[in-house]
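These notes are about the structure you will find just below.
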Amino acid sequence: MPAEMRQLLHDLLRSLRDSLRDLAPIVLVVAFFQLAVVRAPLPDLGGMLAGAALVVAGLTLFVRGLEMGLFPIGETMAYGFARKGSVAWLLLFAFALGFGTTIAEPALIAIAEEAATVAAQDGAIAVTEGARANYAYGLRLTVALSVGAAVVLGVVRILKGWPLHGFIMAGYVLVVIMTEIAPPEIIGIAYDSGGVTTSTVTVPLVTALGVGLAQSIRGRNPLLDGFGLIAFASLTPMIFVMGYGMVIG
């Protein structure tokens, strides 16, 4: 067997071991409460075991894909833009990366569709397929724009060397103020939107961009300056979605 294949197999087995270790606490908690507290047999045990095996396999392949593909892509692009010295192209790429990864985020798609369904049930929008689709798309577009703007802001912070904590404190002060004046029915969706953006597609590429950019700029510490983009990506959706609710409300 070629050395590359042996290394790939070794890495896959390591990822499989890590996935089993990470999922074990969840399995133990569910099994304990089902058997010791609820005291009922697990429904469709065979199906649940098959589903758990698929989750383990999917998580293993996903982690290896991140390590082999997404992280290197983000870091390589950051190095390339830093070498070219084109700030305008770097900021355009940062916005496009944040927007593109978020609009395709499965968690955001799911929560937008659920929010549209609940809004129709509560009478906030018309009970039609078109109204629900427009509401869900508008919500996804708002969150994607907010993450794009957040990544741009985070990249500017890295370029300038500005401290992270000032932006975070100012952002959460704004969130508290907007919570008081935004329509009550949009507040929960806004807060949840900040969480769904930090999911499977957005986090790897955005993190790789920040770390790669910090590594490529003299005087920047990747640990101190490279991370923090995800903090912006989870803060700005709350502001934008509450603003979206104020506009359409």
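The values are calculated or read from the model by the stated rules, or taken from the named source; none is laboratory data. From a predicted model like this one, the values you see are computed outputs, not experimental measurements. When we count neighbours, we look across all protein chains shown, and the Cβ atoms used for this are built from the backbone with ideal geometry, even at glycine. Just the protein is used for accessible areas: all its heavy atoms, side chains included, with ligands, DNA and RNA removed. Shrake-Rupley method; radii C 1.70, N 1.55, O 1.52, S 1.80 Å.
Answer yes or no as to whether LEU153 is in contact (Cβ under 8 Å) with a residue 40 or more places away in the chain, touching a Phe, Trp or Tyr at 6+ places or on another chain (Cβ under 7 Å) and under 23 Å from SER216 (Cα atoms).
Spelling it out, LEU153 is indeed in contact (Cβ under 8 Å) with a residue 40 or more places away in the chain, touching a Phe, Trp or Tyr at 6+ places or on another chain (Cβ under 7 Å) and under 23 Å from SER216 (Cα atoms).
Do any residues in the stretch 25-42 that are on the phi < 0 side of the Ramachandran plot have Cβ atoms under 9 Å from those of residues that are in a helix (DSSP H, G or I) and hydrophobic (A, V, I, L, M, F, W, C), where the two are at least six apart or on different chains, and which pairs are they?
Listed pairs, sorted by first residue: VAL27/ALA52; PRO41/LEU35; LEU42/VAL30; LEU42/ALA31; LEU42/LEU35; LEU42/MET48.
Could you run through the stretch 116-145 and say how many residues are under 20 Å from the mean Cα position of the chain (by Cα) and among the charged types (D, E, K, R)?
1
Within the group LEU35, LEU49, LEU92, LEU59, which residue is open to solvent by 40 Å² or more (accessible area, probe 1.4 Å), closer than 30 Å to LEU12 by Cα, out of contact with any helix residue (DSSP H, G or I) (no Cβ under 7 Å at 6 or more places or on another chain) and not acidic (Asp, Glu)?
Residue meeting the stated conditions: LEU49.
What number of residues within the stretch 146-186 are over 18 Å from the mean Cα position of the chain (by Cα) and within 20 Å of GLU105 (Cβ to Cβ)?
Total meeting the criteria: 1.
Just to be sure, is GLY161 in contact with an Asp or Glu (Cβ under 8 Å, 6 or more places away or on another chain) and in contact (Cβ under 8 Å) with a residue 60 or more places away in the chain?
So GLY161 passes the test.
Within the stretch 196-238, count every residue that is part of a loop (DSSP other than H, G, I, E, B) and either touching a residue at least 60 places away in the same chain (Cβ under 8 Å) or surrounded by 22 or more Cβ atoms within 10 Å (Cβ to Cβ) (or both).
Residues that pass the stated criteria total 7.
What helices (runs of 4 or more DSSP H), lying completely within the stretch 104-191, carry at least 2 residues that are at pLDDT 90 or above and on the phi < 0 side of the Ramachandran plot?
129-160, 164-181
Please go through the stretch 158-183 and give me each residue that is over 19 Å from LEU224 (Cβ atoms), touching a helix residue (DSSP H, G or I) at 6+ places or on another chain (Cβ under 9 Å) and surrounded by fewer than 17 Cβ atoms within 10 Å (Cβ to Cβ), ordered by number.
Hits for the stretch 158-183 are TYR172, LEU174, THR179, ILE181, PRO183.
Of the residues GLY65, GLY123, GLY80, which single one is surrounded by fewer than 19 Cβ atoms within 10 Å (Cβ to Cβ) and either within 30 Å of LEU9 (Cα to Cα) or of a type in the set (D, E, K, R) (or both)?
GLY65
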